[in-house]
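The values are calculated or read from the model by the stated rules, or taken from the named source; none is laboratory data. What you see is a predicted model, and the numbers here were worked out from it, not measured in a lab. Using ideal geometry, Cβ is built from the backbone for each residue, glycine included, and neighbour counts are taken over all protein chains shown. Calculation scope for accessible area: heavy atoms of the full protein, side chains included, ligands and nucleic acids excluded. Shrake-Rupley method; radii C 1.70, N 1.55, O 1.52, S 1.80 Å.
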Amino acid sequence: MGKVEWALTLSSAVLAIFWTWKVFCWIWLNPMKLEKYLRKKGIRGPSYKFLHGNLKELVSLTKEAQSRPMERSHRIVQRVLPFHDQFVESYGKMFMT
């Protein structure tokens, strides 16, 4: 009986390590590889941030844009998509997020 339990424990540990590695690659290594590849091609943007990304910036820019009065023109991008507008100013028309 001891050998069966040992084999099950060993296979469970190997399976857990395998799935942990897959999740690590999915969450961290693949985005970093993609970012490196896009930077080689000349596409700029902010660096990768684990899980939450640029959400804090997005929320603060949206609150700031909505607190100011809107201009009387057809330029509504600063009000509707302030994050996108700032990225276009910072990184040009082609950028990654």
Among [x] 62, 47, 17; [y] 80, 32, 15; [z] 50, 28, 21, which one is Cα extents along the principal axes in Å computed from these coordinates? [y]
By the C-alpha gyration tensor axes a ≥ b ≥ c (rounded if a/c is under 1.5, else prolate when a/b exceeds b/c, else oblate), the shape of region 44-96 is oblate
Per residue, how many Å² of accessible area does region 1-42 show with a 1.4 Å probe? 94
Name the residues whose placed amide hydrogens come within less than 5 Å of the amide hydrogen of ARG44, ignoring near sequence neighbours (fewer than 5 apart) on the same chain. MET96
When the chain is treated as a Gaussian network with springs between alpha carbons less than 10 Å apart, the largest mean-square fluctuation among HIS74, HIS52, HIS84 is found at HIS74
With all protein chains modelled, accessible area of SER90 [1.4 Å, Å²]: 60
For the chain, what % of the accessible area comes from carbon and sulfur atoms, probe 1.4 Å? 66
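Could you calculate the contour length gain from LEU15 to VAL59, that is, 0.36 nm times the residue separation minus the distance between their Cα atoms, to one decimal place in nm?
Numbers: separation 44, 0.36 × 44 = 15.84 nm, distance 3.93 nm.
Answer, rounded to one decimal: 11.9 nm.
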List the lysines whose Cα lies under 20 Å from the Cα of LYS33, skipping any in the same chain that are fewer than 8 positions away. LYS22, LYS41, LYS49
Can you pull the accessible area of VAL4 for me, 1.4 Å probe, Å² to the nearest 10? 90
Spelling out what I want: for every residue of region 57-63, take phi, set θ = phi - 60°, compute 6.51 cos²θ - 1.76 cosθ + 1.60 (Karplus), and round to whole Hz; glycine and proline get x. 4, 4, 5, 5, 5, 5, 4
Can you compute 3J(HN,Hα) from phi for each residue in region 20-26, using the Karplus curve 6.51 cos²θ - 1.76 cosθ + 1.60 with θ = phi - 60°, rounded to whole Hz and x for Gly and Pro? 5, 5, 4, 5, 4, 4, 5
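Before anything else, pin down the relative contact order of region 44-96: Cα pairs under 8 Å, at least 6 apart, normalised by residue count, whole percent. The partial results should precede the final answer.
On the way: 30 pairs, mean separation 25.3, N = 53.
Relative CO of region 44-96 lands at 48 percent.
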Potential extension, GLU71-THR97 segment - 0.36 nm per residue separation minus Cα distance: 6.6 nm
Estimated FRET transfer efficiency (PHE24, SER47; beta-carbon r; R0 25 Å; 0.05): 0.85
